[in-house]
Every structure is written in structure tokens, then in C-alpha cells.
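So the structure is just underneath, and the comments pick up after that.
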Amino acid sequence: MSDQPAHAPYDALLLLSFGGPEGPDDVVPFLENVTRGRGIPRERLKEVGLHYFLFGGVSPINDQNRELLRVLREEFAAAGLDLPVYWGNRNWTPYLTDTLRQLVADGHRRVITLATSAYASYSGCRQYRENLADALATLEAEGLPVPRIDKLRHYFNHPGFVRPMADATLAALAELPEEVRAGAHLAFTTHSIPTAAADTSGPVEDHGDGGAYVAQHLDVARTIAEAVRAETGTDRPWRLVYQSRSGAPHIPWLEPDICDHLETLHGEGVPAVVMVPIGFVSDHMEVKYDLDTEATAKAAELGLPVARAATVGADPRFAAAVRELVLERAAAERGERPERCALGALGPSHDLCPVGCCPARSPRPAAAGADSPYA
């Protein structure tokens, strides 16, 4: 029997997230980080930052990540995993590069990464991997040790991600007035992306190259709708819709927008809607503003009762899922064949992103994939 810990060969977990401002003075510099290289004027960024200023210039994502860190550490400790957890962001403190400097200073050399994005797409996976490669290149240029970094597989259909959302959908249904509850529709929401990016996301098992972003969301939505039907005995109409579009008007993005969808449903006489943000791990700004503020205001204008399901956040079942995913990947790295849990029709995602997966317009090195320069 091996005396290796169950998480070997990994010696640390990195929580990798987007980041967000923590005060009014942070908003524009944060948005400059997000849009670097696009030539967007500072005055325009102030307009874009209005969503943050409405909430005191504070994004909820950082506190939500702190809570997730706490729950992950508790889950690991309870399971006897001596695996330290670090946190780094792409666009705000704690910055990814600074976190990796600390990580290697603490002696860690083999790191598994949890990105706070569950699905396949350029912005949800490949761009995080590019940021990892950039940070590792900085460490290399500084003469520091360069750790080996792997990334956990897409967890969109892991039971620990899907089941909390199904329960949240049921809870949101219960919030609706009883007289409209029976006829409520489900609107599963996620971040809109350019259709070109959606078409090249992937691959999806058994579906060829591309199309993974939409296919994965549809699979989760269908799985949750089936769980709701099994619990309530009611087969509710549902649709995958989109939010948070930020691109130029002439570039096609995924549609319909949630607000347009609410108008359509109201016009069809639908009595109520539950909005289920399956595309988001936590209740960050795009959930708080685009759904809780903008879409809810549209529904009020229409006289359409709506409720919004909670995101997974720091649900203990999600923390347990992360532990299971870490142990699953660790076992695979040791040459074992672990059980790979998944709900729905698509099955578990790949461990290693293949060459050309979710390509960018201008290819850049990306870590934690088959084409990684730091494997």
C-alpha cells in the first residue's frame, strides 16, 4: 500500500477567479485591467462602471471567494487532506502572479487549479489558462521556480454543482405567489458570448469540435428541469437565455437576452418566471445587477412575477465536489482509473484541454493543457 497522501502528486490548490473592485477608487483601474489592450477611453470605463458604483464600488465576488476559501479549507481538513488553498485573480488583488510568487516561496511545485468558471469557452477556460502561462513566464523571467500547474476538469455537470442549483430552483419556485406558481416557466441564464466564440468552444464529447458552451448549458438546464419535475410532478417549460452582453452591436452574440425573454413570456400570458443563473458560480456583480436589478425591474414594469434562484456559491456540496475532483485528478495523475461523476447526457469532461480547444483570435501560450509550454 502506498504511503502517498490521497492528493499526491499535488501539494497545493489554487482558486483562480476574475477579481473585482472593493471600493469606488478601484472601479476604473479594475476595468482598465479587464479591458487592457482594447483602447477603451477612461470616460467610457466610468460609464461602464456604473453597475459597480450603484453598489458602493464593491463587487461581491471577492467576499464570495473568501467564503469559498473558508469552506474548501474546512472540507479538506475534515477529510484529512493536508492541501493548502491559495487564491489568485486575473484582474484585481490578490493578483495571480503575486499568489504564484507566494506559492513557490512556500515550497509548492505541483498545483491543481480550480477556476470559478464551470463551462468550456475562451473567456471561461482558455483565457484563464493564458493568464496562468503569463504568470509562469513572469516567474521564469524573475529566476523563480516555475511550478507545474494542472486545471480541474469542467465541473458544470458534477452532482455537487447541479444538485444545489436544482434545490435553489425549487426554493425560488416556493417564493412565488401561490396563485401563479403552478404556471411558472424556468429561464436558465448564462453570460452571452459572441456566436463565433460559442461555435469554437469545446470540444464536446460525441459532438465533434466546437459548440460546447451552449451544449453544456443546455444539458445542465435539462437536468435541473427534470429534477424539478421529479420533485414537484410538474413538467415546466424552460429555455436557455443570456445576459451581460458587452460587445459591439454589429457583432452577433448569443440570444435571447433575459429581458427580451421576459417580454416575450409576458406577451404569451405566462403567469410567472423563475430565473436560474446556471452559468455563474456565485452571486457576483453580473447576477446582482443584470438579474436582481435590471431583469427584475423589467419584470416589475411588465407586471410579471419573478423569482431568482441562488447560485452554488459556498454550498458545502460544492466544496465536497471540489475535493472529489482534486482526488479524482490526483488518482489519474498517479496512473489510476478513478470514478468520474457526472449528471446529464454529456458525461465527464476531459482532464487536459486539447490543442486548439477554445481558440483565441490571436493565439497565445496557455498553461494546463496539451499545448502548455510549462508541462
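In the set (1) buried (at least 18 other Cβ atoms within 10 Å of the Cβ); (2) hydroxyl-bearing (Ser, Thr, Tyr); (3) touching a Ser or Thr at 6+ places or on another chain (Cβ under 7 Å), Thr138 fails one condition alone, (1). Looking at Asp199, is it without any contact (Cβ under 8 Å) to a residue 24 or more places away in the chain and either over 26 Å from Pro305 (Cβ atoms) or of a type outside the set (Ser, Thr, Tyr) (or both)? It is true that Asp199 is without any contact (Cβ under 8 Å) to a residue 24 or more places away in the chain and either over 26 Å from Pro305 (Cβ atoms) or of a type outside the set (Ser, Thr, Tyr) (or both). Within the stretch 328-339, the set of residues being in a loop (DSSP other than H, G, I, E, B) and touching a residue at least 40 places away in the same chain (Cβ under 8 Å) comprises just one member, Arg334. If you go through the stretch 128-163 and keep only what is assigned to a helix (DSSP H, G or I), more than 13 Å from Leu96 (Cα to Cα) and touching a residue at least 12 places away in the same chain (Cβ under 8 Å), you end up with Pro159, Gly160, Phe161, Val162, Arg163.
Of the residues screened, Gly267 is one that is under 18 Å from Leu304 (Cβ atoms), free of Cβ contacts under 8 Å to residues at least 12 places away in the same chain and not β-branched (Val, Ile, Thr).
Of the candidates Arg317, Arg323, the single residue that is in a helix (DSSP H, G or I) and in contact with a Gly (Cβ under 6 Å, 6 or more places away or on another chain) is Arg317.
Only residues that are of a type in the set (A, V, I, L, M) and over 18 Å from Thr169 (Cα atoms) were counted in the stretch 186-241, giving 8.
Of all residue pairs spaced 6 or more apart or on separate chains, those with beta-carbon atoms under 9 Å, a first member in the stretch 248-261 that is closer than 15 Å to Pro194 by Cβ and a second member that is surrounded by fewer than 19 Cβ atoms within 10 Å (Cβ to Cβ) and of a type in the set (Val, Ile, Thr) are Ile251/Thr195; Pro252/Thr195; Trp253/Thr195; Leu254/Thr195; Glu255/Thr195. Taken together, the residues in the stretch 99-128 that are more than 14 Å from the chain's Cα centre (by Cα), of a type outside the set (Val, Ile, Thr) and crowded, with 19+ Cβ neighbours inside 10 Å amount to 3. Filtering Leu81, Leu100, Leu15 for residues that are modelled with pLDDT of 95 or more, over 30 Å from Ala248 (Cβ atoms) and in a loop (DSSP other than H, G, I, E, B) leaves a single hit, Leu81. Can you tell me which residue within the stretch 3-41, out of those that are touching a residue at least 24 places away in the same chain (Cβ under 8 Å) and among the small types (Gly, Ala, Ser), is surrounded by the most Cβ atoms within 10 Å (Cβ to Cβ)? It comes out as Ser17.
Let's see how each residue does on (1) assigned by TED's automatic domain parsing to the domain that holds Gly57; (2) out of contact with any His (no Cβ under 8 Å at 6 or more places or on another chain); (3) farther than 30 Å from Glu75 by Cβ:
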residue: Ile251; (1), (2), (3): no, yes, yes
residue: Leu254; (1), (2), (3): no, yes, yes
residue: Thr264; (1), (2), (3): no, yes, yes
residue: Pro277; (1), (2), (3): no, yes, no
residue: Asp283; (1), (2), (3): no, yes, no
residue: Glu294; (1), (2), (3): no, yes, yes
residue: Ala297; (1), (2), (3): no, yes, yes
residue: Leu304; (1), (2), (3): no, no, yes
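Taken over the stretch 321-340, the residue count meeting the criterion of being more than 20 Å from Pro164 (Cβ to Cβ) and basic (Lys, Arg) is 3. Quick check on the stretch 263-305: of everything there that is buried (at least 23 other Cβ atoms within 10 Å of the Cβ) and β-branched (Val, Ile, Thr), which residue is farthest from Pro164 (Cα to Cα)? Result: Val273.
The values are calculated or read from the model by the stated rules, or taken from the named source; none is laboratory data. It should be emphasised that the depicted structure is a prediction, and the values quoted were computed from it without experimental measurement. Ideal geometry is used to build each Cβ from the backbone, glycine not excepted, and the neighbour counts take in all protein chains shown.
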